[in-house]
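Chemist: Supplied in C-alpha cells, the structure appears directly below.
The values are calculated or read from the model by the stated rules, or taken from the named source; none is laboratory data. Bear in mind the structure is a predicted one, so any value in this text is a computation, not a measurement. Neighbour counts are summed over all protein chains in view; Cβ atoms, including those assigned to glycine, are modelled from backbone coordinates with ideal geometry. Quick note on the areas: whole protein, heavy atoms, side chains included, nothing else; ligands and nucleic acids left out. Shrake-Rupley method; radii C 1.70, N 1.55, O 1.52, S 1.80 Å.
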Amino acid sequence: MFDTNFVVDRIPMRDMARQAPSQATVGLHVTRPSHPLAVQAWIIDAKGRDVQITGAAIAWTARTVHIRYTDHYGREGTVWVWASAVTRS
C-alpha cells in the first residue's frame, strides 16, 4: 500500500485531520500489528469537512484506530479516529 523507497511529503500541521481526543485512549491497551491492515475511514479534515480515505491501520485500541493515509495532494499523514469510523478493506 505504501512504498517506503522514496520520501513522501508530510501533511503540514495546518492541514492535518482532526484527532479523536487523547483521553479516549488513556489506560487502554494499544495493539500494533506486524503488518498494517488496509482500511477505509471517515476523517474530519482541517476545514471541518467529512472525507472518506483509504489507508492503513497501524495501531488501535478498543475505542480508536491510528490510521496512516495519503491525502488528495499526495502527502502522507496519520490520525487517530474513532473505531466506528473505520472499516477493514
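Chemist: Could you identify the single residue in 26, 30 that is surrounded by fewer than 18 Cβ atoms within 10 Å (Cβ to Cβ), hydrophobic (A, V, I, L, M, F, W, C) and free of Cβ contacts under 8 Å to residues at least 12 places away in the same chain?
Modeler: 26
Chemist: Looking only at segment 59-84, which residues are open to solvent by 40 Å² or more (accessible area, probe 1.4 Å) and more than 17 Å from residue 9 (Cα to Cα)?
Modeler: 60, 62, 63, 80, 82, 84
Chemist: Could you grab me the full set of residues in segment 33-50 that are open to solvent by 50 Å² or more (accessible area, probe 1.4 Å) and assigned to a loop (DSSP other than H, G, I, E, B)?
Modeler: 34, 35, 36, 47, 49
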